[in-house]
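No value in this document is a laboratory result; all are computed from the given coordinates. Quick caveat: nothing in here was measured; it's all calculated off a predicted structure. So basically every Cβ, Gly included, is an ideal-geometry build from the backbone, and we count neighbours across all protein chains shown.
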Amino acid sequence: MKQYPFLKKVTSIVIALVLIFAFASCKKAAGESAQAGSVSPSEAQPVVPDATAEPAAALPNPVVEVDGSAAFSNLGFIITPYQDADSVSYSIISGTIEQIIFTLDGETYTYRAAETTDDISGVYETFDEPQSLDLEGPDFTVSVNIRTIGGGNDGALALWELDGVRYSLYTPDPTDYEEMTDVLLPILYTDLPFAACCG
């Protein structure tokens, strides 16, 4: 039989080309399959929760109105308003802070006390230089720190402490050191054990 070397070469080249195209087709099909399996973030369907979450329960009001100073006795001590005060309201904050809000000569005062080392005043202002009022009793001494706000035009805050109880008296109405002490002294004489002014 007559041999055709040229035909053998052509046949080998054709077979090689067919194999190359076959492998390329397989690779392309595998790539498309992988792409079909992965979804881009923009094409992804949003995740919808099975059920809408229930709204959070409303927090209880931390301020509980009470009838008078006697209601403070369960906290271990009692505070009282200025004797001639008008529009007096009593409350307990978060079960620990005694609060009395009253008006006197048209000005509003908030008087608080609690067995704590924290600031209970609830007043966050820029204060003027403090002035002190020293009080002495038979077996105790108390220093009351009085700080006006804006020279007294924006009110004042008084702070003192005795036997682990912190006290605060605040007014947002115009006042000064003398007016604050006029309101403070009758309260201090009543609520501190036999206090007597020495300053």
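What the table shows:
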quantity	calculated
Relative contact order computed over region 63-197 (Cα-Cα under 8 Å; 6+ residues apart), in percent	20
Of the chymotrypsin sites (Phe, Trp or Tyr not before Pro) in region 59-127, those whose Cβ has at most 10 other Cβ within 10 Å and which sit in DSSP loop	Y124
